[in-house]
Amino acid sequence: DTAVSQTPKYLVTQMGNDKSIKCEQNLGHDTMYWYKQDSKKFLKIMFSYNNKELIINETVPNRFSPKSPDKAHLNLHINSLELGDSAVYFCASKTNTGELFFGEGSRLTVL
Amino acid sequence: GENVEQHPSTLSVQEGDSAVIKCTYSDSASNYFPWYKQELGKGPQLIIDIRSNVGEKKDQRIAVTLNKTAKHFSLHITETQPEDSAVYFCAASKRTDKLIFGTGTRLQVFP
């Protein structure tokens, strides 16, 4: 079965709304990430959690709030959505030796 | 912080030819250099990686070379096939730090 799974795969919403993307990994990894991929395919790190603790926050607006209820889950909640938030958001988990495993992505479109 | 540059941004080759993608990194302390392949509508997938104690690594038709002095690393794909068509990303990190990705190369292999 899928190692890193994210839901939903597609999300279309209006400006100003609040939405969440969920991520789960069954690989037993301690570290999970959220990456944002824009229309030019640039992959930019947003957050990293290690065993439920935030370790990286790449100056993402505080409208974005990650939550990690346990080390297998890292959810992303976005308040007051803006047009510029439209992107594909990837969740990933990392092995102890540095290899990243990505989910299939969640395409967010803000109208 | 680390900065990774990747060239070319697009690459078109005939089936059976070789393809080479090059990256440079800025932080001499970086010691882990993976390559990811992203197919349309999918998440990036690790295809090969190299660590700073090795100069070259090969896995069937793909190989990666690392020049630590020049801070360059390259991906070589031989005998390209149409299914090699995808976006390829290089990345760099040091120890257990975050992975910084290059800007991606769109490879098209024409039959």
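The values are calculated or read from the model by the stated rules, or taken from the named source; none is laboratory data. Since the model is a prediction, treat every value here as computed from it, not as a measurement. We place every Cβ from the backbone using ideal geometry, glycine too, and count neighbours over all the protein chains shown. Keep in mind that these areas ignore ligands, DNA and RNA; they rest on the heavy atoms of the full protein, side chains included. Shrake-Rupley method; radii C 1.70, N 1.55, O 1.52, S 1.80 Å.
The residues of the stretch A:92-111 that are at the interface with another protein chain (Cβ under 7 Å from one of its Cβ atoms), open to solvent by less than 10 Å² (accessible area, probe 1.4 Å) and assigned to a strand (DSSP E or B) amount to a single one, A:LEU100. In the condition set (1) open to solvent by 40 Å² or more (accessible area, probe 1.4 Å); (2) under 15 Å from the mean Cα position of the chain (by Cα); (3) free of Cβ contacts under 8 Å to residues at least 60 places away in the same chain, B:ARG106 is compliant with all but (3). Starting from residues that are more than 8 Å from every other protein chain (Cβ to nearest Cβ) and within 30 Å of B:ASP49 (Cα to Cα), keep the ones in the stretch A:78-91 and report whichever is surrounded by the most Cβ atoms within 10 Å (Cβ to Cβ). It comes out as A:CYS91.
Checking the stated criteria, A:LEU74 turns out not to satisfy the condition of being out of contact with any Gly (no Cβ under 8 Å at 6 or more places or on another chain), at pLDDT 95 or above and surrounded by fewer than 16 Cβ atoms within 10 Å (Cβ to Cβ).
For the stretch B:17-111, the strands (runs of 3 or more DSSP E) that sit wholly inside it and include 2 or more residues that are of a type in the set (Lys, Arg) and at negative phi are B:56-59. If you scan the stretch A:42-58, which residues turn out to be open to solvent by 50 Å² or more (accessible area, probe 1.4 Å) and either part of a strand (DSSP E or B) or within 12 Å of chain B (Cβ to nearest Cβ) (or both)? Selection gives A:PHE42, A:LYS44, A:ASN50, A:GLU53, A:LEU54, A:ILE55, A:ASN57, A:GLU58.
Farther than 30 Å from A:LEU54 by Cβ and among the basic types (Lys, Arg), is that true of B:LYS42? Against the criterion (farther than 30 Å from A:LEU54 by Cβ and among the basic types (Lys, Arg)), B:LYS42 does not qualify. Within the stretch A:1-18, restricting attention to residues that are out of contact with any Asp or Glu (no Cβ under 9 Å at 6 or more places or on another chain) and under 18 Å from A:LEU83 (Cα atoms), the residue that is nearest to the other protein chains (Cβ to nearest Cβ) is A:TYR10.
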